[in-house]
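The values are calculated or read from the model by the stated rules, or taken from the named source; none is laboratory data. Note that the structure is a prediction, hence the values are computed from the model and not measured. Please note: Cβ atoms are built from the backbone with ideal geometry, for glycine as well, and neighbour counts cover all protein chains shown.
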Amino acid sequence: MKKKSMSVAILALAATMLLNACGSSATASTAESTAPAAADSTATSTAAASTAASTKKLNIGSVILNTSGEWFSEVINGMNAAAKDLDVNVQIASADNDVSKEADQLDNFIAQKVDGICVSPQNSAASIPAFERVVAANIPIVAWNTNVESDKSKYFVGVDNTELGSKTGEYFANYVKTKMSGKAKVAVIGIHKYEIGLDRVNGFLKEAKTVPGIDIIANQDAELKEEGMKVTENILQAHPETQVIWCWNQTSLEGCIAALKGLNRSDIKVMGTDMSVSLAKTMLEDKSFLMAITTQQPYKLGYDAVKNAVALAKGQTVDGKDLIPVLTYSVDDKTAIQKYIDDRKDLVK
């Protein structure tokens, strides 16, 4: 009996050892099969995160002076086209000619941690603090159309505004010499609160004054269409002898034209800067009194402002000054004026 009990005990111990060995083997097998799966899952998650990061669109903030007139519509079209071509998001905000609102919008873009900003500053001095806060936040910023007087402003897209005024001045000087016997009484509608306005007026006057018989009888400020109408009416009340009016921007020019038509003063010749479809159509009218307009290329201006902001956000090299050529349209080339209209059919309402 003792031998039998011992034999049973030995068999039981052997069975236990066998079961333990099988259990260890099963555990090891499970661990081996689970480890690669966990590693695969981690690798998949990392790859997905990397893909998501690489496909995330850049966010660009854009602050514009205001949304009045066709000029800004073209700028916005250019910005939206750049956003589409470059596959980025662009948020466009209007400062509505208010420096404090412009500052709020720039601070909002800083808070959003956008990847880049483009801005047309309201004032070369008053816009500096908000502009420099963007720089301090390490967000690349491009000034367009206008600039700030700060050494922190490294990138600019725009035109030479003195040239913009002087090119119309050249046409004006030649017109007075050849069509008006070298003499003309001239009224200037300009602006003093914008550096670009002062530059345009000074450019025009520099060329105009090369003709000895020029008499500048008025120099008043206007910006929007309604202001242009009112100032034109005031000028003609005080100086009915006015023969030529030059305007510094699109909306004041449109207001001037509207006032002259209302007063039936088609005898007064008009010139200025910044073309629009409605102004182009006026130039095509029979016996048009709108003689010449030197203009920027606002679509390209908006496009390049966004393009350069995107390039900086990607760490690419960008020229410090991106100057866009100006163009002059006159009643002497009606084909070019008609092409201008045809190229902007999306703006015609």
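In the set (1) among the small types (Gly, Ala, Ser); (2) in contact with a Gly (Cβ under 7 Å, 6 or more places away or on another chain); (3) farther than 30 Å from Leu279 by Cα, the condition left unmet by Ala103 is number (2). Would you be able to say whether some residue in segment 327-338 is basic (Lys, Arg) and not assigned by TED's automatic domain parsing to the domain that holds Gly78? Yes, there is a match, as at least one residue in segment 327-338 is basic (Lys, Arg) and not assigned by TED's automatic domain parsing to the domain that holds Gly78.
Here Leu327 qualifies as within 17 Å of Thr273 (Cβ to Cβ), surrounded by fewer than 17 Cβ atoms within 10 Å (Cβ to Cβ) and not β-branched (Val, Ile, Thr). You will find that of Asp333, Asp322, the residue that is charged (D, E, K, R) and either within 26 Å of Glu195 (Cα to Cα) or touching a strand residue (DSSP E or B) at 6+ places or on another chain (Cβ under 6 Å) (or both) is Asp322 and no other.
Show me the helices (runs of 4 or more DSSP H) entirely contained within segment 91-190 in which 1 or more residues are surrounded by fewer than 17 Cβ atoms within 10 Å (Cβ to Cβ) and among the hydroxyl-bearing types (Ser, Thr, Tyr).
Per the criteria, 99-112, 161-179.
A residue that is under 20 Å from Ser288 (Cβ atoms) and at pLDDT below 95 occurs somewhere in segment 240-251. Identify, by number, the condition in (1) over 21 Å from Gly320 (Cα atoms); (2) over 16 Å from the mean Cα position of the chain (by Cα) that Arg133 doesn't meet. With (1) over 21 Å from Gly320 (Cα atoms); (2) over 16 Å from the mean Cα position of the chain (by Cα) applied to Arg133, the lone miss is (1). Of the residues Tyr171, Tyr194, the single one that is over 25 Å from the mean Cα position of the chain (by Cα) and either within 30 Å of Tyr303 (Cβ to Cβ) or not assigned by TED's automatic domain parsing to the domain that holds His239 (or both) is Tyr171. Cβ separations smaller than 8 Å between residues 6+ apart or across chains give the following pairs from segment 320-349 residues that are closer than 12 Å to Gln297 by Cα to residues that are aromatic (Phe, Trp, Tyr) and surrounded by 11 or more Cβ atoms within 10 Å (Cβ to Cβ): Thr328/Tyr171; Tyr340/Tyr329. The single condition among (1) part of a loop (DSSP other than H, G, I, E, B); (2) within 25 Å of Thr295 (Cα to Cα) that Phe72 does not satisfy is (1).
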